[in-house]
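In what follows, a structure is listed as C-alpha cells, so that the remarks can point back to it.
The values are calculated or read from the model by the stated rules, or taken from the named source; none is laboratory data. For clarity, every value in this text was computed on a predicted model and none was experimentally measured. As a convention, Cβ positions derive from the backbone with ideal geometry for all residues, glycine included, and neighbour counts pool all protein chains shown. Keep in mind that these areas ignore ligands, DNA and RNA; they rest on the heavy atoms of the full protein, side chains included. Shrake-Rupley method; radii C 1.70, N 1.55, O 1.52, S 1.80 Å.
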Amino acid sequence: MNWLESLTPPHIRELVPYASARRLATEGQVWLNANENPYERDLPGQLSGLNRYPDFQPQGIMALYAGYAGLAMDQLLVTRGIDEGIDLLTRAFCAAGQDQIMYTPPTYGMYSISAKANNVKALSVPLLKTWQMDLPAMLKAAEYCKLIYVCSPNNPTGNLISRDDIETLLEQTVGQCLVVIDEAYIEFDLPSSAVNLLARFDHLVVLRTLSKAFGLAGLRCGFVLSSPQIIQILQKVSAPYPIPLPTETMVQQSLSEQGIMAMQAEVIEINEGRDELQIKLKEYSFVREVHFGNANFILFQVADAATLMQALQADGVIIRDQSAQIGLENTLRVSLGTPTELQLFYSAMEKFEANQ
Ligand SMILES: *Cc1c(COP(=O)(O)O)cnc(C)c1O
C-alpha cells in the first residue's frame, strides 16, 4: 500500500464512483444516454452582484416551487440537484460505520453510492419480476434501516411504483425510518406524484429536480419536499450557500407560469414520441422485448447489447447500457431526443439490422 492509499479510509478505497453519462461517453453527436430534455432553454442569467453571497435558501425559487408543488415554504429545501439531496439525507440521518439504507434494484445508482461514500451500509432488496416493491422483504428489514429509497417512475425500468404499495410502506414504517420517493421523472406522469401523501406522513421525503422535464440539467437545481422537522435537520448539514446567484435567477424564470407551461407542452410532445418509439423498437428483429415506461426513456432488451452499443456509437449515437443491473441482461436504455435525433437513432438501428 502506498502512502496515499494508507491515508484513504477503506470505504473510500473500495468505492466505485457513479459512472455518470458524461464520464462514460465524451464523443458522439446524438446524446440519448442521460434522460435529459433535448430542448434547450434560453434563459438570460443575472451576472451582476456576484461579489455578494447568495441567500442560504433562495426565497424566490422556494416561493415559486412551493406554489407549483402545492406546499408551504417550510416543507422544502433547494439543493444542487437530487444528487445533493441524497447526500444530505445520508449525512443527516446515517451514522458512519453503523447505519444502513435500503434500495430496490434495478434502480438509480446514487442511493447506494452515496451511502458507501459515507461509510453507510446499503441493503439491496430487489424489485419483483413485475418491477414492483417486494413489500414483505422490505418491511422485514425496515427497522434496521434509516432510509428507504423508492424511485417512481423508476430509472432505468421506467415504470411507476404502485401507489397502494407506497401507502402501505408508509403506514408500516411510522417511527422506524424515512421513506424517500425519488420523483426525478414525475412531470411525465404528474398525477402519480406522492406529494399529497406529505399531509399524512411526516416521515415521507419526496425528491424533485429541474434536470429532466424542466430541461435544466446543466443548472443543477433540485428540491427535497418533506415535513418541516425533516427539512430543518437537512439544513444543518447543507453547505452555507449551495445555490449560485445566476442559477437562482434562471430557475425563477423557468418556474414562472410561462416556464411551467412550456415544460408541460414539451412533456406532451415527449410522451407522444415515447409511445411511437416503443412501437418502432418492436419492429427490429434483434429486439427481444420493449418495456412500457412512464418517463422520457425506453428500456429494451436485445440479443447482444455490447455489439449494438458499439454499432450505434460508431454512428455517433450514444445510448446507455443497463446490462450490469440485476435482471437486465442485454438491456439498453434510450432517452427521448428530438424527432431529428430519434431519426438518426432509427437510421443507425436500421443499418445494424441490415448488417445482421
Ligand atoms: C437523473 C436522476 C437524478 C439526478 O438528478 P439531479 O437533480 O440532476 O441530481 C436523480 N434520480 C434519478 C432517478 C435520476 O434519473
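Name the most mobile residue of 50, 328, 139, meaning the one with the largest mean-square fluctuation, in a Gaussian network model of the chain with Cα contacts below 10 Å.
50
Over segment 74-187, how many percent of alpha carbon pairs lie in each 5 Å bin up to the one with the longest distance?
2, 12, 24, 25, 22, 13, 3, 0
Which residues does a label at residue 232 reach in segment 63-106, if reach means a backbone N under 13 Å from a point 7 Å past the Cα toward the Cβ?
74-75
Counting only heavy atoms of protein chains, what accessible area per residue, in Å², does the chain have with a probe of 1.4 Å?
Value for the chain: 45 Å² per residue.
Based on the Kirkwood radius over alpha-carbon pairs, what value in µm²/s does the Stokes-Einstein equation return for the translational diffusion coefficient of segment 233-315 at 10 °C and 1.306 mPa s?
In µm²/s, the coefficient rounds to 95.
Which residue, 97, 158, 49, tops the fluctuation ranking in a GNM of the chain built on C-alpha contacts under 10 Å?
49
Could you pull out which residues in segment 174-195 have an amide N less than 20 Å from a spot 7 Å beyond the Cα of residue 265, following the Cα-Cβ vector?
187-190
List the residues whose amide H sits under 5 Å from the amide H of residue 79, counting only those 5 or more places along or on another chain, with H placed 1.01 Å from N in the peptide plane.
222, 223, 224
Can you tell me how segment 1-96 classifies by the Cα gyration tensor, rounded, prolate or oblate, using a/c under 1.5 as the rounded cut?
In terms of gyration-tensor shape, oblate.
How many lysine pairs are close in the chain, with Cα atoms under 28 Å apart and the two 8 or more places apart or on different chains?
So the count works out to 21.
What size of dipole, in debye to the nearest 20, comes out for segment 254-356 about its Cα centre when the only charges are +1 on Lys and Arg C-beta atoms and -1 on Asp and Glu C-beta atoms?
In total the dipole reaches around 220 debye.
Taking a quarter of the surface of the Cα convex hull of segment 204-356, what do you get in nm²?
11.8
Of 178, 162, 218, whose Cα points farthest to the positive end of the dipole of segment 143-241 (charges on the beta-carbon: +1 Lys, Arg; -1 Asp, Glu; origin at the Cα centre)?
218
Given a 10 angstrom Cα cut-off, can you work out which residue in 207, 216, 197 is the most mobile in a GNM of the chain?
197
Quick one: if the Förster radius is 56 Å, what FRET efficiency do residue 326 and residue 51 give, using the C-beta to C-beta distance and rounding to 0.05?
0.65
Once the Cβ-Cβ distance between residue 12 and residue 128 is put in as r, and R0 is 41 Å, what FRET efficiency do you end up with, to the nearest 0.05?
0.75
Return the carbon/sulfur percentage of the accessible area of the chain, one whole number, probe 1.4 Å, all protein chains in place.
52
Hey, what's the Cα Rg ratio for the chain versus the globular rule of thumb, 2.2 N^0.38 Å?
Compactness ratio reported: 1.00.
Could you list the GluC sites (Glu not before Pro) in segment 284-356 that lie in coil according to DSSP, counting only those with at most 15 other Cβ atoms within 10 Å of their Cβ?
Details: sites: 289, 329, 341, 350, 353; in loops: 329.
For GluC sites (Glu not before Pro) across segment 284-356 that sit outside H, G, I, E and B with at most 15 neighbouring Cβ atoms in 10 Å, the list reads 329.
Rounded to the nearest 20 Debye, what is the dipole magnitude of the chain about its Cα centre when Lys and Arg each give +1 and Asp and Glu each give -1 at the C-beta? Working shown, then result.
Numbers: 25 positive and 39 negative charges, 179 e Å.
Value, rounded to 20: 860 debye.
How big is the shadow of the Cα convex hull of segment 162-238, averaged over all directions, in nm²?
Averaged projected hull area, Cα only: 5.6 nm².
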